[in-house]
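For reference, the structure discussed in these notes is given below.
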Amino acid sequence: MASPVPRQNRQADGGALLQQVEGLKPELEQARARQQQSGMEEGFGLQIEFESFPDIELAFESLAVERSGIELLNVRHEEHKTLASVFVPDGKLHILENKIKAYLEQGTPKGEPKNQSWIDAIRSIRVGSIFSLFFDLQPP
């Protein structure tokens, strides 16, 4: 059973997550170039993986923003962590970036950071691998 989500250091952890999302921008550009070179004409994007803190469940439902094409692909649990893979279409990374910025800069009427319930559970954000798509595959 997952533990309640502990409060994180809003500026330090939120800032680190924002830097990680910023670091995905060149990866997204490279993915688009590779996809175009392979003959794809649409559906450009990047698979991103969110990792939770140990024994903390990600609010993975909040990771998908279907009206923008951001789609939850897979959720799995390994070594006391939750890992969620999300497909982010080309041109939509700013949506995740804006959620983190809102966490850093905005509050709710109750005085809590906006988006706190799911941002505080995220330990890292990185480019996903083929292994993150499937439950049965493990990296070598």
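Evaluated against (1) within 13 Å of Trp118 (Cβ to Cβ); (2) more than 11 Å from the chain's Cα centre (by Cα), Ala64 falls short on exactly one condition, (2). Taken together, the residues in segment 55-80 that are outside any loop (DSSP other than H, G, I, E, B) and either of a type in the set (Phe, Trp, Tyr) or touching a residue at least 60 places away in the same chain (Cβ under 8 Å) (or both) amount to 4. Please go through segment 3-51 and pick out each residue that is in a strand (DSSP E or B) and aliphatic (A, V, I, L, M). If the condition is that a residue be in a strand (DSSP E or B) and aliphatic (A, V, I, L, M), then Leu46, Ile48 are the ones that fit.
Computed from the coordinates by the stated procedures, all read-outs in this text should not be read as laboratory data. Note that the coordinates shown come from a computational prediction; the quantities given were computed from them, not determined experimentally. Every residue, glycine as well, gets a Cβ built from its backbone with ideal geometry; the counts of neighbours run over all protein chains shown.
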